[in-house]
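This report concerns only the one structure given below.
The values are calculated or read from the model by the stated rules, or taken from the named source; none is laboratory data. Note that the structure is a prediction, hence the values are computed from the model and not measured. Note: ideal-geometry Cβ built from the backbone for every residue, glycine included; neighbour counts use all protein chains shown.
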Amino acid sequence: MPNPIVTITLSTGAVIQLELYPEIAPHAVTSFLYLAGRGVFDGHAIERIVPGWVVDMSYHAFHSPEACYFIPNDVKSGRYLPATFGTVGLGGYGPPDIAGGEFFFPLADCPAITGTYPIFGKVTRGLEVLRQLEGVETYPVSYPGMPDVKINTPVEPVVLRRVTAETFGVDYGEPERLGGMTKPHFWPTLLPL
């Protein structure tokens, strides 16, 4: 059975295509597909770009109560991929908590987060789009109580117009949530990737 294929269409018209790896990161893949299937990512502006580090699609759980949950961290299985340019991972707030849907793209090799945050797929089309995003004009946003956390938001919003998935007939079900829902108003006060 082929791996799931995800297509992210941006407001700029650019497209990023992903191949997901359910055998490597089953919890991350299931959670991502669950939220994509409910349209949680659609219409959301990219919140954070740190050149040389990451394009972080959201650190506010996409401002959606549906996305405010934690899942088991796939890297605990001991089988994981390195965080490198061209991969996609799920963020969190430091081990062991992995956010259910806050995905990011490393813009370089990131050994400091390899084995901490699950890499659940790779970019098969649109690597140049990530480089374009890395170069957009941003402005700094302070993170309450954590001055070392770099939050750079695009001056001109770049929106995830639509995120669709082809699962080739496989139903990945619902994510396994840990410890119940986290209140959405609390989510932004936690430490991002």
Practice task
Inspect all residues belonging to the stretch 16-37 and state whether any of them is farther than 20 Å from Val170 by Cβ and not hydroxyl-bearing (Ser, Thr, Tyr).
Solution key: yes
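Could you list all residues from the stretch 131-157 that are of a type in the set (A, V, I, L, M) and surrounded by fewer than 19 Cβ atoms within 10 Å (Cβ to Cβ)?
Selection gives Val136, Val141, Met146, Val149, Ile151, Val155.
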Handout entry: Among residues of the stretch 79-100, those that are modelled with pLDDT of 85 or more and not in a strand (DSSP E or B), counted
Key = 8
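Any chance you could count how many residues in the stretch 106-126 are part of a strand (DSSP E or B) and either without any contact (Cβ under 8 Å) to a residue 24 or more places away in the chain or within 19 Å of Pro22 (Cβ to Cβ) (or both)?
Restricting attention to the stretch 106-126, the residues satisfying the condition of being part of a strand (DSSP E or B) are 106, 119-125.
Pick out the ones that are also either without any contact (Cβ under 8 Å) to a residue 24 or more places away in the chain or within 19 Å of Pro22 (Cβ to Cβ) (or both) and you get 119-124.
Qualifying residue count for the region: 6.
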Exercise for the section: Find the residue count for the stretch 10-23, including only residues that are surrounded by fewer than 20 Cβ atoms within 10 Å (Cβ to Cβ) and in contact with a strand residue (DSSP E or B) (Cβ under 7 Å, 6 or more places away or on another chain). Expected result: 5
Completion exercise
Among the residues of the stretch 144-174, the number that are without any contact (Cβ under 8 Å) to a residue 12 or more places away in the chain and of a type in the set (D, E, K, R) is 2
